[in-house]
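Input: a single structure, listed below in structure tokens.
The values are calculated or read from the model by the stated rules, or taken from the named source; none is laboratory data. Just so we're clear, the structure is a prediction, and the values are computed from it rather than from any experiment. Every residue, glycine among them, receives a Cβ derived from its backbone with ideal geometry; neighbour counts consider all protein chains shown. We work out accessible area using only protein heavy atoms, side chains counted, and drop any ligands, DNA or RNA first. Shrake-Rupley method; radii C 1.70, N 1.55, O 1.52, S 1.80 Å.
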Amino acid sequence: MERPLARVRDLVGLLLVGMAFTAALGAPFLSTASPTAQRLDARFETPGTPGSPFGTDDLGRDLFSRMLFGARVSLGVAAFAVLPAMLLGTVLGLIAAFGSRLREELLLLPADAVLSFPTVLLAVAVVAVFSYGMFSVTLSIAIVFTPVYLRLVRAEARALRETEYFQSSRALGSPWRRTLVLHVLPALGPRLVVQTAVLFALAIVIESSLSYLGLGIQPPQPSWGLILRDARNYMAVAPWLSILPGLAIAATVLGFNLLADSISDRWSRR
């Protein structure tokens, strides 16, 4: 019984993440109208209206198109924040794990300082320093996530140092670079993939939160958080303006978390 449920979980996770990336990559081809074009004579059209499958907002903009291009923005911010954070955090984590004690402490001190702040609050502070916009949001998320990878890689690499195959490789005179590439990085791979899936979900939440607060993506560029912000005053008149982007955020975050659970389970069974 447990395996069929796990297969359903895996399928749902892949389906939700696949739908999000399909929407993001296919936005120019799937959209029914310009995401920024205003039609004041077509305000608050309900979902199912011909030409506007998700209806329109208070300015007559097509909600379906805005959500498609919003997926591109939200996933793009997540990708350009998480992946550089993973690369930098991995390098710094390996330096901390295999370097001197002083070097380790010098790397861990600022990492612990960053991790001591609430995630969204620190992101808000970084955005306030670098002004609003996509670059600032991406940079703030990358700064927040880099210490997470640093801590993870350092802990895992220090554990790998005590394994027999690592000690044997070093005893045979294998260079550090060869040992890291052939033994350490492959062992770290599954952990990094799981952490990346989790942080992708968190990055989408942070970007949506910042945009909702008016500190992230700025009009007229659409994002899921900005769509929610624009809809907050019209929940009684046009509830679909809040429900649909809220469901998109929830479904995408759920998909990445299910995918992370799936990868973690498969790796733990090996």
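Rounded to the nearest 20 debye, the dipole magnitude of the chain is 800 debye, with +1 charges on Lys and Arg beta carbons, -1 on Asp and Glu beta carbons, and the Cα centre as origin.
With helices as the sole contributors, the chain gives -24500 deg cm²/dmol at 222 nm; each DSSP H run of n ≥ 4 counts as -39500 (n - 2.57), and the sum is divided by every residue. Compute the acute angle (0 to 90°) between the alpha-carbon long axis of helix 119-130 and the principal axis of greatest extent of the alpha-carbon atoms of the chain; round to the nearest 10°. It is inclined by approximately 80 degrees. With all protein chains in place and a 1.4 Å probe, the accessible surface of the chain carries 67 percent carbon and sulfur. What whole number of Å gives the distance from the Cα centroid of the stretch 72-118 to the Cα centroid of the stretch 7-51? One Cα centre to the other: 34 Å.
For the stretch 241-270 versus the stretch 177-233, the spacing of their alpha-carbon centroids is 12 Å. In the stretch 1-106, Cα pairs under 8 Å separated by at least six residues give a relative contact order of 22 percent. Per residue, the accessible area of the stretch 99-145 comes to 56 Å² when a 1.4 Å probe rolls over the protein heavy atoms.
Electrostatic tally near Q221: other residues with Cβ closer than 14 Å to its Cβ, Lys and Arg +1, Asp and Glu -1, net +2.
On C-alpha positions alone, give me the angle between the axis of helix 101-115 and the longest principal axis of the chain, in degrees, nearest 10. The answer is roughly 20 degrees.
Charge tally for A81 (other residues, Cβ to Cβ under 15 Å; Lys, Arg +1; Asp, Glu -1): 0. Quick check: the angle from helix 240-268's long axis to the longest principal axis of the chain, C-alpha only, nearest 10 degrees? Helix 240-268 sits roughly 20 degrees off the main axis of the chain. Normalised by the number of residues in the chain, the mean separation of alpha-carbon contacts (under 8 Å, six or more apart) gives a relative contact order of 25 percent. Each Cα pair under 8 Å and six or more residues apart adds its sequence gap; the mean of these over the residue count of the stretch 56-155 is a relative contact order of 41 percent.
For R61, what is the net charge nearby, where nearby means another residue's Cβ is under 15 Å from its Cβ and Lys, Arg count +1, Asp, Glu -1?
-2
Think of the chain as having a plus end and a minus end, set by charges on the Cβ of Lys, Arg, Asp and Glu; of P28, I263, T252, I263 sits farthest toward the positive end of this dipole.
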